[in-house]
Every structure is written in C-alpha cells, then in structure tokens.
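Note sheet for the following structure.
The values are calculated or read from the model by the stated rules, or taken from the named source; none is laboratory data. From a predicted model like this one, the values you see are computed outputs, not experimental measurements. All Cβ positions, even for glycine, are placed from backbone atoms using ideal geometry, and neighbour counts span all protein chains on display. Heads up: the accessible areas ignore ligands, DNA and RNA and are worked out on the full protein's heavy atoms, side chains in. Shrake-Rupley method; radii C 1.70, N 1.55, O 1.52, S 1.80 Å.
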Amino acid sequence: MKKNLETLCIHGGWKAKKGEPQQLPIYQSTTFKYETSEQMARLFDLEDEGYFYTRLANPTNDAVAKKICALEGGVGAMLTSSGQAANFYAVFNICQAGDHFITSNSIYGGTYNLFGVTMKKLGIECTFIDQDWTDEQIEACFKENTKCFFGETISNPGGNVFDIERFANIAHKHGVPLIIDNTFATPVNCRPFEWGCDIVTHSTTKYMDGHATQVGGCVVDSGNFDWDKYAEKFPGLTTPDESYHGLTYTKAFGKLAYMTKLVAQLMRDLGSIPAPQNSFLLNLGLETLALRMRQHCENAQKVAEWLEKNPKVSWVNYCGLPTNKYHALAQKYLPNGSCGVIAFGLDGSREEAIKFMDNLDFISIVTHVADTRTCVLHPASHTHRQLSDEQLREAGIAPDLIRLSVGIENAEDIIADLEQAMAKM
Ligand SMILES: *Cc1c(COP(=O)(O)O)cnc(C)c1O
C-alpha cells in the first residue's frame, strides 16, 4: 500500500513479524552467527543476503536507512557515522584522484573544507560556483574530468535556496549526477528526487534526530542516473572491481549499482558506520519528524516576521519572508515551509551580538542547529572567531550575523526571550 510521509515516518523500515518487538530492536552486536562455512562463503560472494559484520550491515542500521530511503523516494540508502562522512562517501564513490567536481559555494563550512582542502589532498579538485551565476558562467566550469555537481537544498548558515531543477538540467546536460545535501529541508519539506536530483545526503544529526542525541549521516540514491550511458566517466561503477571478485556494479546490480559500491567498497574500506544504539535514537526522532518540522516552520515564520518589524534588527534572512531574495524559489521547492533556521543582524558590530546572546534566558548558545530547543550561534565569535571583520565579509558572513535555530517551544515564549534580551542591550 502506498503510504504518505507522516505514515512512513512511523511505519517505514522496521516491520515486526509475529511475536517480534513492536519497537525497532537495537542489534548491538558486531557479528552474526551461521551454521555452516558454506553459508558464510555465499554471503562474502554477494550470492546470498544476510548479516555477518556490522561494518557492512546491521539490522538496526538497515531498518533506519530503509525508512529514510522511503521518505526520500529512493531505491537504496546507507547510514554513516556523521553527515561529513555521508558527503565524503557520496562524492568519493564516483570521484578518484585526477577527477574534478563542481559545488555551490553556499554550503556548510565543514563540507566547504572537506571539498576545498581535504579532498584536494586526495587529488580530487573542486570548483566553487555562485548560485546566482548565469547558466553560461556555470557551464563554463565543467571539464572533461568533471564527475558531479553538489549543492544544499537550503544552505547552512546562509539560508540560500538551491534551484534544484535548473542545476539538475545543467548537470545532466554534462553527463553527471546532481548530489544534494537535504539536511535543512528534510524530505518532509522537499524531496529533491522529484526535481531531477540523483543522490541525496543528510546530516541526520539535525532535524531527523531532532533531539541532539546522536551525530549521524545518510546517503540515498534515486537509482535514476544512467551510469552505463557515460560508462567512460564512471569506471568504478562500469568496469570490474578487482577488490570484489572482478564484479561490475552496473551489470550485477542495475539501479542499485551506486549504493552497492558505496557499501561493499567504501564502507568496507573506510568504515564510518554508526553504532546501532545511535540508529535507534535516530529512528525515534524520525517517528515525529513530520510533526516537528511543521512546528519548527510555523514558529520560525512568526519569529522571522517579528524580527523583521523590530527596529533593533537591521536585517533578517529567512526564505519564508515575502521580502526575501529566495522567497520565489522557496514557494516552488518548499511550499509547506522551509526549516527553523533564521539568520539576522543587529547593528553591525560583534559586541552588540555578544551582549544580546548573553542576555538570553532559555534560548541557549550552542554549536548546533535544528533540534527541539531554540538556540543561537554567532559565527564571528564562535566558529569563525579567528577571522577579522573584513575576512568575515569576504566569506559572506556579516560580523553581526546571528544564526537562530527556532525550536518547537511556544512561539510567544521564544519571542519574549528575544525581546527581553534586546531590551537589555
Ligand atoms: C551539520 C551539517 C553537516 C555535517 O554533518 P555532521 O553530522 O555534523 O557531520 C553537513 N551538511 C549540513 C547542511 C549540515 O548542517
């Protein structure tokens, strides 16, 4: 039976059979037992399905991956131990030394560093583009060895909305897949595969978990990209893998080629697997994801509107506001709401932002976003504190930028806390 999103949040993944636990069990075991040596050998040859070692597959992890896969409408998904690992695996699965890829420059700082610095050391080069560039400017960045295009549905912390359909068309015109980090929107508010995106990643640490209990990630494949059509670009998928009995992923697994390689090769060799205990916690978060996202968005909209009218606030960036540069794109891709994260500024100085934050009552100062509790972060005095005001502006971050992650408390209480903190400035 076809199920809607709210139902999938609860019933996706784990299905209890007769006499089994109703709640997803935590299979906190490294390994799984077999009766004969032959049974085990068939698993290693990928001839039988079954569990043998948690680095490759674990029933708790798999059930949660299946739920996220169903929410995104993909054909396969793999959990990773962090969002960073998910983004690395998603790109590294189709890029090797000597290859190149393209990414929006408006992405999470950790991903920016991973792509621009660490992957460069592995011999993989990356070009950062501005989402406001014309098609011609962006297309000029594609090279012979370009293997994918990357962006974030709603960028962290900038709040820019990615024009998925437009960038999917550009990527496909050049024979490469579009990979999207859908962390902030979640499949509740946007399902990138419906707009032509090929692969989705998540930091499940954020809204999916939603209670700040575990760090995790996920890669989901739509199964739509035709690797064989561009076989010479993707030899890792379309030619025999010597480290896997000379098996060719596209021939042996069809639509599951990308995901099978990611598990059988990258996870086997790099091993960024989540603990089953963490996946259990993530699953509890996912059960209420649809419900929570609605409340995050409703509260954030009220807070953004209040901030915009406040004379002490010099600017507000939230795509739910009609005055916002990304409002039209948000209406197309995020018609039911975007997320709870707002960026705003006070009077332009670092000092005022610090005073404001220190005056807050229940709104907490943390290096985190997207959980039930409202929280703030001031990049100029936290994540980017080594930069001068001028360097900050060059990085696209105003010295007074406050990232406010609106939680699911009572909206009037959130506004009252902001108001009393501003009154004391
Ligand atoms: C937090 C975040 C990441 C990194 O995820 P971790 O789980 O912290 O490793 C990647 N992308 C986005 C958009 C994020 O917000």
Compactness relative to 2.2 N^0.38 Å, alpha carbon Rg of region 366-410: 1.29
Which of 68, 359, 321, positive extreme of dipole for the chain (C-beta unit charges): 68
Cut-off 14 Å between beta-carbons: net charge of the residues surrounding residue 63, Lys and Arg +1, Asp and Glu -1: +1
For a label point 7 Å along the Cα-to-beta-carbon line of residue 224, residues of region 152-181 with backbone N under 18 Å: 152-154, 162-181
Separation of the residue 133 and residue 384 label points, Cα + 7 Å toward Cβ, nm: 2.0
Difference of contour (0.36 nm per residue) and Cα-Cα distance, residue 213 to residue 410: 68.7 nm
FRET efficiency, 1/(1 + (r/R0)^6) with R0 51 Å, evaluated for residue 252 and residue 362 via beta carbons: 0.40
Distance from region 301-348 to region 245-292 (C-alpha centre basis), Å: 35
Within region 337-372: backbone nitrogen closer than 17 Å to the residue 323 label point (7 Å, Cα to C-beta): 342-348
Contour minus Cα-Cα distance for residue 140 and residue 22 (0.36 nm per residue): 37.1 nm
Unit charges on C-beta of K, R, D, E only; dipole of region 291-423, Debye: 520
Solvent-accessible heavy-atom area per residue, rounded to whole Å², over the chain at 1.4 Å: 43
Carbon + sulfur, % of accessible area of region 234-375 - ligands and nucleic acids excluded, 1.4 Å: 55
Computed FRET value (nearest 0.05) for residue 373 with residue 35, which takes r as the C-beta separation and R₀ as 51 Å: 0.55
Local electrostatic count, residue 325, Cβ distance below 15 Å [Lys/Arg +1, Asp/Glu -1]: -3
Rg in Å to one decimal, and Dmax rounded to a whole Å, for region 257-311 via C-alpha atoms: 19.5, 56
Value at 222 nm in deg cm²/dmol, rounded to 500, when DSSP H runs of n ≥ 4 in the chain each add -39,500 (n - 2.57): -9500 deg cm²/dmol
Candidates 110, 19, 337, ranked by Gaussian network fluctuation over the chain, Cα under 10 Å, top entry: 19
Inter-probe distance in nm under a simple model that places probes 7 Å from Cα toward Cβ, at residue 169 and residue 3: 3.6
Normalised alpha carbon radius of gyration of region 260-416 [divisor 2.2 N^0.38 Å]: 1.21
Segments 135-147, 405-417 sorted - mean Cβ within 10 Å per residue, highest first: 405-417, 135-147
On Cα atoms only, tilt of 164-173 relative to the major axis of the chain in degrees: 40
Charge tally in the Cβ shell below 13 Å around residue 86, where Lys, Arg are +1 and Asp, Glu are -1, residue 86 excluded: -3
Shape box of the chain [Cα atoms, principal axes, largest first, Å]: 73, 57, 40
